[in-house]
Amino acid sequence: MFAGGLLLAATTFQAQAEDASCATVKLGDPGWSDIAVTNGIASFLLDGLGYKVQTQTLAVPIIFAGLQKGQVDVFLGNW
């Protein structure tokens, strides 16, 4: 019971401490059909979790630069 209360308190604290800039997830999309599908699935899941999703179609080097600068949050085509 005590551990459950601590878990609830920690979860509540984390939800309140979330920065407003975290409400939107910016996906990098190089225009490849497989990444369009992957980004679509990620967008659906993130939307279900309450996030807004912004997909940016960019060249791969610009996506990597955006990741480094914090202008792009996720690139699902890197393997």
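Just so you know, all these numbers are worked out from the coordinates, no wet-lab data involved. Remember, it's a predicted structure, so these values are computed and weren't measured experimentally. Here the Cβ positions follow ideal geometry from the backbone for every residue, glycine too, while neighbour counts run over all protein chains shown.
One line per residue, one yes/no per condition, for (1) under 13 Å from the mean Cα position of the chain (by Cα); (2) of a type in the set (Gly, Ala, Ser):
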| site | (1), (2) |
| --- | --- |
| 48 | yes, yes |
| 54 | yes, no |
| 57 | no, no |
| 60 | no, no |
| 64 | no, no |
| 69 | no, no |
| 74 | yes, no |
| 78 | no, no |
Inset, instruction - Note down all Cβ pairs under 8 Å where the first residue falls in the range 50-63 and is free of Cβ contacts under 8 Å to residues at least 60 places away in the same chain, the second is aromatic (Phe, Trp, Tyr), and they're at least six residues apart or on different chains. - result: 63/75
Legend entry - Matching residues in the range 21-44 - criterion: being more than 13 Å from residue 77 (Cα to Cα) and in a strand (DSSP E or B): 24, 25, 26
Legend entry - Residues located in the range 27-44, provided they are surrounded by 12 or more Cβ atoms within 10 Å (Cβ to Cβ) and not aromatic (Phe, Trp, Tyr): 27, 28, 29, 30, 35, 36, 38, 39, 40, 42, 43
Inset, instruction - Only residues in the range 20-49 that are without any contact (Cβ under 8 Å) to a residue 12 or more places away in the chain count as the first member; pair them with residues that are surrounded by 11 or more Cβ atoms within 10 Å (Cβ to Cβ) and charged (D, E, K, R), Cβ under 8 angstrom, at least 6 apart or cross-chain, and list the lot. - result: 36/29
Inset, instruction - Collect the residues in the range 45-79 that are in contact with a strand residue (DSSP E or B) (Cβ under 9 Å, 6 or more places away or on another chain), assigned to a helix (DSSP H, G or I), of a type outside the set (Val, Ile, Thr) and surrounded by fewer than 15 Cβ atoms within 10 Å (Cβ to Cβ), keeping them in residue-number order. - result: 47
